[in-house]
Amino acid sequence: MTKLTARGTRFIPGSTKMYRDTKRLFWWRRMKRDIAEFVAKCDTCNRVKAERQRPAGLLKPLEIPMWKWEKITMDFIVGLPRTLKGNDSIWVIVDRLTKSAHFIPVNTRFDTAKPALHGAPLSIVSDRGPQFTAKFWKSLHKAMDTKLDYSTAYHPQTDGQTERVNQLLEDLLRACALTYGPNWEASLPFAEFSYNNSYQASLGMSPFQALYGHQCRTPLMWEEAGER
């Protein structure tokens, strides 16, 4: 077994090297697992091994918007079964201030010249999907003076809000599919209504209430508070 000596202290190599060297002379059950656990718990190894990665910089979160629907995030949920209308994706648009969202069924090759839902935003956070890096998309928002902020791979703090909404939407659509069948496009309005009227811990209220200033009236709660 290879051993390196530094100031009289025996240094144990990595688990793979140690396993390769040890198995030439010894064998026992769960040998590889035992060696990996031993090396992982070695106090000397943890003290002397230098960090080889570049130190990460300070996390700088996105600034909180000053007004509703001025700064938004966008993403796509793709790979869905094609519906009768020819749609196979969902365009997810989220307001960064109120967390309210719109779920729009689209085709993978949809035209990026979609109408604005709440006017021209000041900034759009998105990944580097082909729809968001197209020349037309960049030229359109340059003309509207909208800043395009692109996220980089493995940096969920940039557009993690939209990724989380995507997860919630997928769960909602699965629940709808159990009741209403596999036509996800028909269930999409129900999913959007459910999301926008659900309590958000970061807001302390639902996105609908944050956007409009009051809770949405539904058949489940048709009466105002205090009324019978």
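The values are calculated or read from the model by the stated rules, or taken from the named source; none is laboratory data. Please read all numbers here as calculations on a predicted model, not as lab measurements. Note that each Cβ is placed from the backbone with ideal geometry, even for glycine, and that neighbours are counted across all protein chains shown.
Here are a few things to note about the model shown:
- Among residues that are of a type outside the set (Val, Ile, Thr), farther than 22 Å from ALA101 by Cα and either modelled with pLDDT of 80 or more or surrounded by fewer than 17 Cβ atoms within 10 Å (Cβ to Cβ) (or both), TRP222 is included.
- Region 64-97: number of residues that are hydroxyl-bearing (Ser, Thr, Tyr) and over 18 Å from ASN196 (Cα atoms): 2
- For MET66, the stated conditions do not hold, so it cannot be described as modelled with pLDDT under 75, among the aliphatic types (A, V, I, L, M) and more than 30 Å from GLU185 (Cβ to Cβ).
- A count restricted to region 39-75 and to residues that are farther than 30 Å from GLN131 by Cα and touching a residue at least 12 places away in the same chain (Cβ under 8 Å) stands at 6.
- The residue list THR73, THR83 contains one member that is buried (at least 18 other Cβ atoms within 10 Å of the Cβ), at pLDDT below 90 and in contact with a helix residue (DSSP H, G or I) (Cβ under 9 Å, 6 or more places away or on another chain), which is THR73.
- Failed item in (1) modelled with pLDDT under 75; (2) part of a helix (DSSP H, G or I); (3) small (Gly, Ala, Ser), with GLY119 passing the rest: (2)
- Segments classed as helices (runs of 4 or more DSSP H), wholly inside region 123-219, with at least 1 members that are at pLDDT 85 or above: 156-180, 184-196, 207-212
- Where a residue in region 131-145 is more than 21 Å from ASN107 (Cβ to Cβ) and its partner, wherever it lies, is assigned to a loop (DSSP other than H, G, I, E, B), with Cβ under 6 Å and at least six apart: MET144/ALA120
- Where a residue in region 1-30 is farther than 22 Å from THR44 by Cα and modelled with pLDDT of 50 or more and its partner, wherever it lies, is in a helix (DSSP H, G or I) and among the basic types (Lys, Arg), with Cβ under 9 Å and at least six apart: LYS23/LYS32
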